[in-house]
Each structure stands twice: as structure tokens, then as C-alpha cells.
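K.L.:
Submitted below is the structure of interest, expressed as C-alpha cells.
No value in this document is a laboratory result; all are computed from the given coordinates. What you see is a predicted model, and the numbers here were worked out from it, not measured in a lab. Here Cβ is always computed from backbone atoms with ideal geometry, including for glycine, and neighbour counts include all displayed protein chains.
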Amino acid sequence: MNTFQRTLEIRTSPHIKNDIRVDVIMRNVVFALLPVAAFAIYAFGFTALVLLTVSTLSCVLSEHLLCIATGRKSTIGDWSAAITGLLYGLTLPPGLPLWMVAGGGFIAIALGKFMFGGLGNNMFNPALVGRAVLQAAFPVAMTTWAPAFAPDRFGAILGSSLTFPFATPVFQAITSATPLGAMKFDHQMTGSFDLAMGLVGGSTGETSSLLILLGGAYLASRKMLNWRIPISIFAAVAIFSGIFHLINPTQYPSPIFMLFSGGLMLGAVFMATDMVASPMTTLGIIIYGSLIGVLVVIIRIWGGLPEGVMYAILFGNACSPLIDRVIQPTVYGTRKQRQAS
Amino acid sequence: MLTTSLKMKTFPHGVHPPERKEETSGKAIHRFPFAPVMIIHLSQHTGAPSRPIVREGQEVVRGQKIAEAEGFVSVPMHAPASGIIKKIGLAPSTLGKMIPAIYLQPFPASGQEVIEGTPCDVETATPDEIIKAIQDAGIVGLGGAAFPTHVKLKIPEGKWVDSLIINGIECEPYLTTDHRVMLEQIDDIYMGIRYTMKATGAKRAIIGIESNKPDAVEALRKTIPPDLPVTVEVFKVKYPQGAEKMLIKGLLNREVPSGGLPVDVHVVVSNVATTAEIGRLLPHGRGIQERVVTITGPGVEKKGNYLIPIGTPLRYALEQVGLRDNVSRVFLGGPMMGQALASLDIPINKGTSGVVVFTENEDARIPEKIYPCIRCAYCVDACPIFLNPSRLGILAKNEQYDLMAEEFHLFDCFECGACSYVCPSNIPLVQYFRIAKAIVRERKAAS
């Protein structure tokens with residue numbers, strides 16, 4: 001019996017392992033984002049397709065080259081750079097000059113991720129780091145919104161996209177206001193149906209709340225996204241803005257409008273849920289989500305900017321190590337002892 | 001369906017590994033022949049090794065005591081077959097060390113009859129007499145821990161017990177030993193419960209079974225003796241539901257204090273096969289000479305539940321069931337906490353609840369690449385003790401072992417392996433914790 005002459009392998013238990021790996025999680029996040037990206041291309045045309053391609057490629061290439069330059073094995077196989085690139089692209093205004101897109105993509109990876117030590121060590125969601133830098137450097141370009149569903153959107157790319165690096169981009173005469181901008185500066189409200197379906201202006205991928213929620217629900221069902229994060233953000237936004245709406249419905253927008261406008265859906269479902277930059281315990285996550293939700297409402301209502309999701313999430317990211325330090329799970333069998341003593 | 005799942009008991013956290021019990025759960029317990037030579041380890045239990053009371057060349061009969069307990073935390077050994085003591089010397093242990101053992105060569109004609117000793121009558125015996133009888137029978141925890149049962153049932157001065165929990169959870173994948181015992185040894189189980197309740201002073205007994213064994217639940221519920229305060233409770237299928245602490249939490253919502261024992265929350269937990277053994281042996285004053293072992297896994301030809309004499313060499317046992325060609329790993333116990341073996345020349349012991357054989361196909365599923373921790377918190381949500389394995393893992397990597405023990409409850413970890421099982425980065429968390437514990441213990445001993 002040759003079986004009994006075999007070399008036996010020794011490992012320590014557990015001898016079995018479930019099938020979910022880091023690259024599987026990351027790949028599924030990309031899949032969940034694809035419908036959102038497809039809708040963005042449908043709404044903003046060829047321009048959005050080029051922008052998302054450039055944003056994704058710039059992030060993946062940056063990570064690959066940075067790894068090689070520092071003498072490490074390339075880590076693009078874990079798909080996390082692809083998520084960053086796609087997400088980052090979806091937060092940008094369509095028509096943003098492509099050289100800014102590429103530059104921001106490099107910054108997202110280099111400053112937001114690589115400098116901290118790569119995957120797992122980033123303090124902030126890298127996509128938002130890239131976007132924040134662009135927002136600070138190019139405030140006009142970052143708040144100029146091309147209209148959705150322009151008739152010739154599949155025929156040509158927007159002129160502003162092809163601006164030569166460091167030249168002042170020339171935007172088309174017709175730009176659209178985002179619902180939040182209209183609310184803040186013109187006191188105009190957009191209908192909730194248009195908001196939910198994404199029939200409005202805004203960043204490339206933030207407009208279709210429905211598809212974002214579907215992608216989030218898919219990930220949550222596979223436990224690749226902690227549903228408590230978006231839910232606690234939504235709850236905080238709804239309750240906090242609802243209180244003001246009840247006090248003065250003409251001055252303050254309704255909670256429905258708050259939930260479905262701007263980058264809240266995309267931010268709450270795909271950005272705030274970055275596993276690396278969010279807390280680990282359930283209580284910690286609820287605190288983190290509520291903090292982000294409250295900050296979004298504060299910035300939107302009282303801040304100088306029409307939109308506050310990005311800064312609110314970055315602030316939440318900054319707080320999560322502190323939250324994790326303070327909120328630790330209560331270890332089994334230690335509760336009673338405390339009562340007794 | 002919904003109502004039953006709502007009624008089911010469980011603990012918070014835990015994981016759901018594939019159960020893989022269907023291949024053996026329907027197979028009745030099948031008796032093994034005697035091996036040509038048997039090896040009886042003198043320390044197959046927690047505590048002091050037993051002291052041999054036979055000499056080489058002596059003839060013994062099946063059930064005869066061949067080694068005496070050495071102190072209270074120790075148990076005697078009984079001859080698993082009638083035969084000749086060939087040798088008293090060293091034999092390999094599961095951990096690879098050489099440890100003292102008795103080699104027994106059974107007579108070709110050795111039968112199944114067992115000699116009887118002094119019966120212990122459940123009606124007339126005092127608790128201390130029952131505890132003495134359990135020790136004399138050589139009974140240890142058959143669930144795998146192999147802790148002497150009489151020590152566990154001896155309630156310390158000043159403490160009391162209100163509930164006896166009979167552990168029929170069997171949450172390890174593949175294993176079906178307890179399942180078969182609950183179907184085939186029902187009378188022994190109830191008899192064992194009588195002895196155990198009397199020994200501990202428990203006022204009631206609760207049998208806990210996972211919902212994947214509905215036939216066992218039904219069989220036991222149907223046969224509860226009318227005079228016995230026993231209930232059968234169904235638990236959600238979840239690992240590690242069978243751990244004492246998880247069982248107590250799920251059933252009574254009590255938490256055993258950190259560093260304490262179940263008796264601190266007035267509970268004694270006893271494995272169902274151990275209980276059946278008490279009920280089977282004590283009325284006849286016999287000693288334990290065989291146990292039920294599930295031999296299964298993709299590498300085994302004739303998977304099943306076998307009644308195997310203690311001391312049967314594993315190699316002989318595996319020859320009986322047949323192995324496939326591409327065997328790569330053999331371990332004792334289930335795949336979550338089982339002990340991988342470097343050699344097949346070890347015997348089946350009292351604590352051997354299962355033998356699982358894996359092939360190269362299963363090895364291919366073990367990932368090699370370790371990613372950085374992405375703080376996904378899967379481990380935090382898996383840990384039944386509510387530790388933070390992610391944080392502990394980072395500390396272990398930085399060799400901050402003392403900090404792990406002092407501030408992050410390292411020694412509350414009972415090494416169930418749920419964290420390593422779920423980690424998407426393949427970080428060997430529980431493996432780190434074992435090393436950390438060993439180093440902290442060593443440092444403490446040195447200082």
C-alpha cells in the first residue's frame with residue numbers, strides 16, 4: 001500500500017479556510033461599481049468613459065510603478081488600486097481636464113496609500129485624498145458641472161477634458177447646476193424622483209442613487225461591505241436634517257432631498273465603507289457613521305461649500321483609529337467581574 | 001421554519017464552516033477487531049500519568065486494571081483486550097514525543113466479554129462514591145479534551161451547581177461520534193445523567209444539540225424518563241457552539257468569568273459520549289476499554305463511525321478503512337481544532353473523537369499568499385470571546401507578547417481558530433496567538 005509511505009504534511013489547526021480572499025472582496029467591489037460607471041457613461045457620454053479610463057489607469061499604473069521604483073513586488077493584483085481609480089473617477093465632475101484626472105490619480109495612490117505603507121495602512125480613503133487635493137488646487141474646474149444627457153454626448157468629448165496641462169480650461173457655455181448648488185445658492189429644489197433616478201447634474205458617478213444602492217446591497221449580502229456604515233450615515237443625515245426641516249421647511253431642505261442629492265449615496269455606500277479606514281466594532285461603526293452624517297448636514301447647511309460628503313468622510317477616517325482605541329469589544333467573562341468588584 | 005429558527009439557542013459571533021457530516025452521520029457504529037499489538041499510553045488524559053500495575057509477560061483479561069491513577073487528577077487504565085503484556089516502555093505521542101506506554105498483545109481468541117468490578121448503584125451511592133467510581137472506570141472527557149471527568153464533577157467546597165448541561169453539540173465539521181451515540185446509546189445517556197446529577201447536586205439537566213441532528217433531538221425527546229428533570233434544547237448550527245463557554249452563554253446567557261470555570265456560574269458541562277460511558281460502565285463496575293471514533297475525510301475509503309478499542313494503533317485503524325492514494329494530511333479531532341500528525345504509529349486514545357484524512361485536493365485550497373490586514377473586522381465579528389484578533393495579530397507580528405497578555409486578553413483565547421478561518425488576508429492569527437502564549441508562559445516561568 002503506497003499510501004502508507006507518503007510524507008504527511010503537518011500544519012497547525014484550523015485545517016480549513018473559507019474562500020473569501022482580499023482580492024475576491026476587492027474584485028467584487030469593482031463589479032458592484034460597474035453599473036454605476038455604466039450609468040455615468042450613459043448620462044455623460046464619451047467624456048465619462050474617457051475620464052473613468054484615465055482615472056483607473058492612472059491609479060493602477062501609479063501603484064505598479066511605485067512598487068517597482070521601491071523594489072517591491074507589484075501589488076496591483078489585489079485589485080484595490082482599481083477600486084481607488086474607479087471610485088475616484090466617479091467623484092470627479094465630467095469634463096474635468098484629463099491631465100488633472102491623471103495627476104489626482106497619482107496623488108491618490110502616492111499620497112493617500114503608498115506613503116502610509118500600501119494596502120491596509122492608509123489612514124484615509126485614497127480616492128478621496130486624490131479628490132481633496134484637486135478640490136484645493138483647482139476649485140473652479142472641480143465645481144464646473146457639464147450637463148447630463150447632452151444630445152451629442154456620444155459624438156464628441158467635452159473640450160475642457162482635453163485642456164493642455166496647466167492651461168486654463170475653457171468650459172462650454174452651458175454648464176449645469178447640481179441640485180445641491182441650486183439649493184444652496186438659488187434656493188431651488190429638485191424633485192426626488194429625478195434625484196433617485198440620477199436625471200440630474202453632478203459628479204460623474206454620484207447621480208444614480210438607485211444603482212449605487214443596488215451595488216451596495218449586493219456587497220452587503222456577500223458581507224463585503226458593512227451595511228451599518230451607510231445605514232447609520234443615512235439615519236444621522238435624515239434625523240439631523242429632519243429636525244431643521246421640521247422647524248423651518250422653507251429654509252431647510254427635506255431629509256429626502258438631503259439623502260438623494262450630491263455625493264451622499266456614493267460616499268456613504270462606497271467611500272465611507274473602505275474597510276481600512278473605518279472602525280472595526282459595531283458600536284464604533286455606528287459612531288463613525290453618525291459622525292459623518294451629522295458633518296454632512298452641517299457642511300451643507302452652514303458651510304461655504306454646497307457639498308460636504310468628501311470632507312465629512314475624510315474627517316470620519318481621521319477619527320476611526322481613535323474610535324477603535326476607545327471602543328473595544330467587551331471580552332467574554334470580563335463583564336461580571338467588573339460588576340462584582 | 002422561521003419560528004423554529006427564532007427559538008433556537010445560540011451565542012453571538014462565530015463562523016459557519018461547511019459541515020461535511022452527511023457522509024458518516026447515517027452510518028451506525030461498527031465494532032473494530034483487535035489489532036495485533038495495542039499501545040496504551042499512560043498519559044492520555046490531563047494530569048499525572050497512570051502508574052503501571054502489571055509486569056512484562058503477564059497475562060491480562062479484557063477490562064482488567066493495568067495501570068493505577070496517580071493522585072486525584074489522574075485516571076487508571078484498563079486492558080482493552082485479553083492478552084499478554086509485551087512491553088512497558090516508550091511510544092510516540094500525538095505531539096511526536098516519546099512517552100511511557102504499555103504494549104499489549106491480544107490473544108487471537110480474545111472475545112468481547114469484559115470482566116466486572118464492584119457495581120455502583122445510582123440509588124444508594126453517595127456523590128463521593130459516584131465520583132470515586134467514575135475515576136475507577138478511567139473516564140475522561142471524550143469530546144477531545146481528555147480531562148478526568150471525576151475532577152470536573154467534584155464540586156469544590158462552597159460552590160454549588162444548579163444546571164447540568166450535556167454537550168451534544170458536536171460543532172466541528174466532519175465529526176459524527178456524538179451524533180451516533182445520541183441515536184444508539186440513549187439508555188446509557190439517561191443513566192449517565194442520573195449519576196452525574198447526583199454527583200454534582202444539579203437540580204436539572206439540559207441536553208444541547210445543534211439543529212443539524214434533528215433525528216437525535218427527536219429520539220432523545222421521545223425517551224426522556226418521566227422521573228428525570230431533563231430537557232433537550234436545539235441550537236443553531238455555528239462554530240464553536242460546542243465550546244463550554246459558548247454553550248453556557250447560548251443556553252443560560254451566563255458568562256464564565258475570565259480565568260474561571262463553569263462551576264463559578266453554577267453549571268457543569270459534560271460531553272454526551274462521556275455521560276453515556278458513565279451510564280454504561282458504572283452499573284457494572286467496568287473500566288473504559290473502547291470508544292466511538294469517526295474516521296472520515298476525503299482520503300478515507302470506508303468512512304464511518306467505529307467502536308475502537310483504546311490503544312489500537314492508528315496505522316492499523318486506517319488499514320481497516322482503507323486510504324486513497326493522494327493522502328497528504330491526517331489529523332485527530334475535527335478540522336478546526338484537530339491535531340495534525342507526523343506519524344501514524346500512535347494509538348487511538350480516550351480523547352480521540354475523530355480521525356480526518358485530507359488529500360492533496362484539500363491542500364490546494366489552503367492559500368499561501370498573506371496579504372496585509374485590511375481591517376475588514378471579519379475576525380472581530382467571528383471571535384466568540386469578543387477579542388480583537390486583528391489588533392492581537394499586529395501586536396504578535398511586532399513581538400509585543402506581554403502587551404497582548406496584559407491589555408488584550410490573550411489568555412482568554414481558547415484557540416478555536418475562527419479568526420484564522422475567516423481572515424481574507426490569510427493571516428495565521430490563532431497560530432500567532434499560540435506562539436505568543438507559549439512565549440509569555442516561558443517568560444513567566446523564567447522570571
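K.L.:
When Cβ neighbours within 10 Å are restricted to other protein chains, what is their mean count per residue of peptide A:305-314?
P.N.:
Details: counts 0, 0, 0, 0, 0, 0, 0, 0, 0, 0.
The per-residue average across the peptide is 0.
K.L.:
With each label point set 7 Å from Cα along the Cα-Cβ vector, what nm distance links B:H16 and B:M98?
P.N.:
Placing both labels 7 Å along Cα→Cβ, they lie 5.0 nm apart.
K.L.:
Which pairs break 26 Å Cα to Cα here: B:K152/B:K222; B:K154/B:K437; A:K223/B:K238; B:K369/B:K397; B:K86/B:K302; B:K198/B:K245? Kindly include the intermediate steps, with their values, before the conclusion.
P.N.:
Details: B:K152/B:K222 29 Å; B:K154/B:K437 29 Å; A:K223/B:K238 17 Å; B:K369/B:K397 16 Å; B:K86/B:K302 31 Å; B:K198/B:K245 23 Å.
With Cα atoms farther than 26 Å apart: B:K152/B:K222; B:K154/B:K437; B:K86/B:K302.
K.L.:
Hey, another quick one. With a cut-off of 16 Å, note down the residues of region B:139-183 whose backbone N falls inside the zone around a label point 7 Å from the Cα of B:E70 toward its beta carbon.
P.N.:
Answer for this model: B:148.
K.L.:
Extension gain A:Q251-A:L8, at 0.36 nm per residue separation less the Cα-Cα distance, in nm?
P.N.:
Values: separation 243, 0.36 × 243 = 87.48 nm, distance 7.42 nm.
Between A:Q251 and A:L8, full extension yields an extra 80.1 nm.
K.L.:
Sort region B:256-393 into rounded, prolate or oblate with this rule: let a ≥ b ≥ c be the square roots of the eigenvalues of the Cα gyration tensor; rounded if a/c is under 1.5, and if a/c is not under 1.5, prolate when a/b is larger than b/c, oblate otherwise.
P.N.:
On the way: a/c = 3.06, a/b = 1.14, b/c = 2.69.
Judged from the Cα gyration tensor, region B:256-393 comes out oblate (a/c at least 1.5, b/c at or above a/b).
K.L.:
Largest first, please: the extent of the C-alpha atoms of chain A along each principal axis, to the nearest Å.
P.N.:
Principal extents (Cα only, largest first): 81, 54, 35 Å.
K.L.:
Order of A:I286, A:I25, A:I247 from fewest to most other C-beta atoms within 10 Å? Show your work: numbers first, answer last.
P.N.:
Working: A:I286 19, A:I25 24, A:I247 9.
Going from least to most buried by this count: A:I247, A:I286, A:I25.
K.L.:
Quick one: which of B:241-253, B:432-444, A:138-150 comes out on top by average Cβ neighbours within 10 Å, and what's the full order, highest first? The partial results should precede the final answer.
P.N.:
Working: B:241-253: 21.5, B:432-444: 16.2, A:138-150: 17.7.
Those peptides, ordered most packed to least, come out B:241-253, A:138-150, B:432-444.
K.L.:
Right, here's the next one. For B:V263, what is the net charge nearby, where nearby means another residue's Cβ is under 12 Å from its Cβ and Lys, Arg count +1, Asp, Glu -1? Could the numbers behind the result be given before it?
P.N.:
On the way: positive: B:K152, B:K154, B:K159, B:R254; negative: B:E157, B:D162, B:E244, B:D264.
So the environment of B:V263 carries a net charge of 0.
K.L.:
If I model a spin label at B:I366 and B:E399 as a point 7 Å from the Cα along the Cα→Cβ vector, what separation in nanometres do I get?
P.N.:
Result for the modelled spin labels: 2.6 nm.
K.L.:
Still on this structure, I have one more. Within 10 Å, count the other beta carbons around each residue, average over each peptide in A:42-50, B:41-49, and list them highest first. Display every interim value, and only then the final one.
P.N.:
Values: A:42-50: 22.6, B:41-49: 20.6.
Highest-to-lowest ranking by the protection proxy: A:42-50, B:41-49.
K.L.:
What does the extension gain come out to for B:I435 and B:N253, with contour length at 0.36 nm per residue minus their alpha carbon separation?
P.N.:
Numbers: separation 182, 0.36 × 182 = 65.52 nm, distance 3.16 nm.
Net length gain for the segment: 62.4 nm.
K.L.:
How much FRET efficiency would the formula 1/(1 + (r/R0)^6) give for A:L322 and A:K73, where r is the Cβ-Cβ distance and R0 is 35 Å, rounded to 0.05? Each step should come with its number before you reach the end.
P.N.:
Working: r = 33 Å, r/R0 = 0.94.
Working from the Cβ atoms, E equals 0.60.
K.L.:
Summarise the partner chain shielding of B:376-389 as one whole number: the mean count of Cβ atoms from other chains within 10 Å of each residue's Cβ. Don't skip to the answer; put the middle values down first.
P.N.:
Values: counts 12, 10, 7, 1, 8, 6, 1, 3, 1, 5, 9, 4, 6, 0.
Partner-chain Cβ atoms within 10 Å, mean over residues of B:376-389: 5.
K.L.:
Sticking with this structure for a sec: Using a Förster radius of 45 Å, what is the FRET efficiency between A:L162 and A:S221 based on their Cβ-Cβ separation? Nearest 0.05, please. Can you show the working numbers first?
P.N.:
On the way: r = 41 Å, r/R0 = 0.91.
Here the calculated transfer efficiency is 0.65.
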